[in-house]
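Written out below as structure tokens is the structure these notes cover.
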Amino acid sequence: MTHASEKPSWMPNLPTRTVRCYRCANRFEVAPKAMSASCPHCHRRIVVSDIVIKQGHWGGRLETCGSVIIQRKARAHVGAAIAGEGVTVLGVFEGSIVSGGAVHLGEYALIRGSVRAPNIVIDHGAVIDDARLEIPGNAHAALTGHEPPDIDVQTPTARHAVA
Ligand SMILES: [Zn+2]
């Protein structure tokens, strides 16, 4: 299985990649090597490059519209890992994971804390040690904690205009 963190050097014509804003949960296109961008939906400045943790990592928040990858030999103890596209844990992770895409726990993964994602894939051998798992129905609910506000066709602005 290939992963987004691998450089697709054999795909020179790939002009953009799609990421999901971890603040408003909407998707947008960025240049493949872009590190940060302004979200065209909520206009906030956000990190779009993937975050790869290779060894120990202590404290803070890992936030990206791309993916967070905790490698096999990594031990991450963070307040939160918030990823628009997904989180892969192959090593040790303590903290809360909030993801708009699938969370994958590899066979040597050990997690403590919480995971909220629309999809959680747990390999045989992965250890979940005192973690709360929450699986809302979609990426928006996973990232923001509530359903999309404009899922209804009628918009509030139209009603205001009549009033
Ligand atoms: Zn946004």
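Every read-out reported here was derived from the displayed coordinates using simple, explicitly stated rules and does not represent laboratory data. Predicted model, so just to flag it, every value in this text is computed and none were measured. In this analysis, Cβ positions are derived from the backbone assuming ideal geometry, glycine residues included, and neighbour counts consider all displayed protein chains.
Taking the condition surrounded by fewer than 21 Cβ atoms within 10 Å (Cβ to Cβ) and assigned to a strand (DSSP E or B), does Ala80 pass? Give the steps one after another, and end with the answer.
Working: surrounded by fewer than 21 Cβ atoms within 10 Å (Cβ to Cβ): yes; assigned to a strand (DSSP E or B): yes.
Criteria met by Ala80.
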Conditions first: (1) under 17 Å from Ile111 (Cα atoms); (2) touching a Leu at 6+ places or on another chain (Cβ under 7 Å); (3) not charged (D, E, K, R). Pro32 passes all but one, so which condition is the exception? (1)
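Say whether the condition of being farther than 20 Å from Pro136 by Cβ, outside any loop (DSSP other than H, G, I, E, B) and within 16 Å of the ligand (Cβ to nearest atom) is met by at least one residue in the range 47-63. It would help to see each step written out before you state the result.
Step one: filter the range 47-63 for residues farther than 20 Å from Pro136 by Cβ, giving 47-62.
In the following step, the residues that additionally are outside any loop (DSSP other than H, G, I, E, B) were identified as 47, 51-53, 56-58, 61-62.
Narrowing the set further to residues that are within 16 Å of the ligand (Cβ to nearest atom) leaves 47.
Yes, the range 47-63 contains at least one residue that is farther than 20 Å from Pro136 by Cβ, outside any loop (DSSP other than H, G, I, E, B) and within 16 Å of the ligand (Cβ to nearest atom).
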Which condition from (1) within 16 Å of the ligand (Cβ to nearest atom); (2) buried (at least 20 other Cβ atoms within 10 Å of the Cβ); (3) of a type outside the set (A, V, I, L, M, F, W, C) is the one that Arg44 breaks? (2)
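Quick check, is Val68 in a strand (DSSP E or B), of a type outside the set (Gly, Ala, Ser), more than 16 Å from the ligand (Cβ to nearest atom) and farther than 21 Å from Ala139 by Cα?
Working: in a strand (DSSP E or B): yes; of a type outside the set (Gly, Ala, Ser): yes; more than 16 Å from the ligand (Cβ to nearest atom): yes; farther than 21 Å from Ala139 by Cα: no.
So Val68 fails the test.
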